[in-house]
Amino acid sequence: MGLVELFVAVLIVGVSCVNGAMPAAAWSRSRDGRFLCLAAANGVLAGLGGLWAWGQLPVEAPSWTAIAWPAEVVVLGVALLLLAATLLPRRA
């Protein structure tokens, strides 16, 4: 169990959940498919982070939940880029 890997996995879950809330709310108002895709992408990243966090906990997790540090960094980068894309204002 690596504490750094567990921290990054939980960070991925948190960033993805926070980032998925705004597109989900926009989709419920407008029913625009782009917002649904953004919310679903963040949901998938949150699920992946949850699996990786489960693999780092000291419980009997399956071997396929184990993760390597470089893959976590890449997924965290994707989650942060999705967050930046959601937070940046639209051009007028």
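Do we have any residue at all in segment 69-80 that's in contact (Cβ under 8 Å) with a residue 60 or more places away in the chain and farther than 24 Å from LEU38 by Cα?
Just the residues of segment 69-80 that are in contact (Cβ under 8 Å) with a residue 60 or more places away in the chain, to begin with: 69, 72-73, 75-76, 79-80.
Subset that is farther than 24 Å from LEU38 by Cα: 69.
Yes, that holds for at least one residue.
Which numbered condition trips up VAL44, out of (1) buried (at least 18 other Cβ atoms within 10 Å of the Cβ); (2) within 16 Å of the chain's Cα centre (by Cα)?
Here VAL44 clears every test but (1).
Given the condition over 15 Å from LEU83 (Cβ atoms) and either at pLDDT 95 or above or assigned to a helix (DSSP H, G or I) (or both), answer yes or no: does some residue in segment 11-23 qualify?
No, segment 11-23 has no match at all.
Look through ALA66, ALA79, ALA39 and report the one residue that is modelled with pLDDT of 90 or more and out of contact with any Pro (no Cβ under 9 Å at 6 or more places or on another chain).
Working: ALA66 fails: modelled with pLDDT of 90 or more; ALA39 fails: out of contact with any Pro (no Cβ under 9 Å at 6 or more places or on another chain).
From the options ALA66, ALA79, ALA39, the qualifying one is ALA79.
Between a first residue in segment 53-66 that is assigned to a loop (DSSP other than H, G, I, E, B) and a second residue that is among the hydrophobic types (A, V, I, L, M, F, W, C) and at pLDDT 85 or above, which pairs have beta carbons less than 6 Å apart while being 6 or more apart in sequence or on different chains?
Correct list of pairs: ALA61/TRP54.
For VAL59, indicate whether it is β-branched (Val, Ile, Thr) and over 17 Å from the mean Cα position of the chain (by Cα). Steps first, please.
On the way: β-branched (Val, Ile, Thr): yes; over 17 Å from the mean Cα position of the chain (by Cα): yes.
Criteria met by VAL59.
All but one of (1) in contact with a Pro (Cβ under 8 Å, 6 or more places away or on another chain); (2) surrounded by fewer than 17 Cβ atoms within 10 Å (Cβ to Cβ); (3) at pLDDT 90 or above hold for MET1; state the number of the condition that does not hold.
Status for MET1: all satisfied but (3).
Does segment 27-40 contain any residue that is crowded, with 18+ Cβ neighbours inside 10 Å and more than 29 Å from PRO89 (Cβ to Cβ)?
If we filter segment 27-40 for residues that are crowded, with 18+ Cβ neighbours inside 10 Å, which is where we start, we get 27, 35, 38-39.
Checking the rest, the ones that are also more than 29 Å from PRO89 (Cβ to Cβ) come to none.
No, that holds for no residue.
The values are calculated or read from the model by the stated rules, or taken from the named source; none is laboratory data. These numbers were taken from a predicted model, which means no experiment stands behind them. Glycine gets a Cβ as well: all are built from the backbone with ideal geometry, and neighbour counts include every protein chain shown.
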